[in-house]
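Visitor: This is the structure I want to talk about, given as structure tokens.
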Amino acid sequence: MASQPQFQRPVSSDWRARAERLSDADMEAFWMPFTSNREFKSKRRLLVGAAGCYYTAEDGSKKYDTLSGLWCASFGHGRPEIAEAIAEAARTLDYAPPFQYAHPLGFELANRVKQFTPAGLDHVFFTNSGSESADTAIKIAKGYWARRGRPEKNRLIGRVKGYHGVNVGGTSVGGIEPNRAGFGELMATGHLPHTLLEENRFSRGCPEHGADLADVLEQQIQDAGAETIAAVMVEPMSGSAGVIVPPKGYLERLAAICRKHDILLIFDEVLTGFGRLGATFGAELFGVTPDILTMAKNITNGSVPMGAVAVTDAIHDAFMETSPLEYDVEFRHGYTYSAHPLACAAGLAALDVMERDGLVARAAELAPYFEDQLHNLKGLKHIVDIRNLGLAGAFQIEALPGEPGKRPWQIAMAAWDRGLYVRFGGDTVQLGPPFIAEKADIDHICNVLADIIPSID
Ligand code: PMP
């Protein structure tokens, strides 16, 4: 396997100085997302630089990026081509209104994305995040049926433990219970069961059992009536809930049931898109083409916020054909920053890097080694399951009674002190190394974790 450039660059001394100047009082105003703000202030973890596979912390120490940021900087940090493209766009056209006006890079990027999405998903709507992509996809599905004269066909079905971001649509269709609780009434949705089965523990790649769980959809359709259901929305592989890999045949079966009942299938590929599974999309890996496919994260290698939703001709046509007036908009939806010039520039550069350096193939090549090293940790104290697909992996840690999530958090904090940035979620420790990782990096990550995991209480 050819080794990849690591983009070592000096860390800006200015950012380290700025971090040092931040007092506890200076840290009050910024309400940090998805964070225990109280805990952070007691053990601050400030990042001041990134290059290749490493972050630099404020004390100058390097932290290996075991999750490609948040699964989004998969092509390695500090890619000079991407930085240049962003700077050039900022100088040329820092902002362009995306409603009724456009700029060339928006069209270029839509065409570029279309080259990678499965055949038939040829129309691309730009957003600024995975959450916005999820809610856009939900509105497209509902709007599609309304335009086809079936407005009552507007319920969504998601899956328990599914994650589709944090906006109201995605929170409703999503199935991570703590994320849904405490916000009052959400959008009415149904949920299929998740596919984490006891008998599949320690499976390598797609587990053997559970394809029949897709048949629960048939039951839900019978109960609610296909005429009330707009779409089923799932991640081909759930990442945020702890790398839940679909059982063999499950997605194919789900797709067949959707087709049979004239229900749209939405794949949320925000995390899996652009190479994470060793294929450009999960849709390609599983040979299942959805009607709507959402993206974000790797599309710009995490450098500028951006998301996208690709749809079929049939869906696109339904919107294009139903406008009564020449100047009327076909879809009353969009964001001030849709197709932002800097994001489009970053996207074009990132996808060029991905293609030029053969990074999807590299992820596929490294995946079997990653799988072996992860599964070598089987038998260690506290580890009750290991799951993986492509360059995504998770260790499930036995929960402490009454203190869910504590052990993975302790592991992540200990890993930080040992030079690894590690992400925890629920009762899992999640790994998603950059596609430019070397085998020695995988060894190092696994060795450090093998030391830490059994050592916690
Ligand atoms: N969908 C999926 C499948 C995701 O993994 C994520 C982010 N982890 C999102 C949506 C939300 O993306 P964002 O945080 O960019 O809003």
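Visitor: Considering only the range 54-129, give the strands (runs of 3 or more DSSP E) lying wholly within it that have at least 1 residues that are in the same structural domain as residue 433 (by TED's automatic domain parsing) and aromatic (Phe, Trp, Tyr).
Guide: 54-57, 62-65
Visitor: Pick out, from the range 342-449, the strands (runs of 3 or more DSSP E) lying fully within it that include 1 or more residues that are surrounded by 21 or more Cβ atoms within 10 Å (Cβ to Cβ) and modelled with pLDDT under 95.
Guide: 423-425
Visitor: For the range 190-207, state whether one or more residues are of a type in the set (S, T, N, Q) and either within 16 Å of the ligand (Cβ to nearest atom) or not assigned by TED's automatic domain parsing to the domain that holds residue 240 (or both).
Guide: Within the range 190-207, one or more residues are of a type in the set (S, T, N, Q) and either within 16 Å of the ligand (Cβ to nearest atom) or not assigned by TED's automatic domain parsing to the domain that holds residue 240 (or both).
Visitor: Additional query: With the requirement that a residue be away from the ligand (no atom under 11 Å from the Cβ) and of a type in the set (A, V, I, L, M), what does the range 149-183 give you?
Guide: Hits for the range 149-183 are 156, 157, 160, 168, 181.
Visitor: Would you say residue 204 is of a type in the set (Lys, Arg) and touching an Asp or Glu at 6+ places or on another chain (Cβ under 7 Å)?
Guide: yes
Visitor: Please tell me if residue 328 is at pLDDT below 95 and out of contact with any Ser or Thr (no Cβ under 9 Å at 6 or more places or on another chain).
Guide: It is true that residue 328 is at pLDDT below 95 and out of contact with any Ser or Thr (no Cβ under 9 Å at 6 or more places or on another chain).
Visitor: Same structure again: With the requirement that a residue be aromatic (Phe, Trp, Tyr) and within 16 Å of the ligand (Cβ to nearest atom), what does the range 71-104 give you?
Guide: Residue satisfying the conditions is 71 alone.
The values are calculated or read from the model by the stated rules, or taken from the named source; none is laboratory data. Computed from a predicted structure; not experimentally measured. Backbone-built Cβ (ideal geometry, glycine too); neighbour counts: all protein chains shown.
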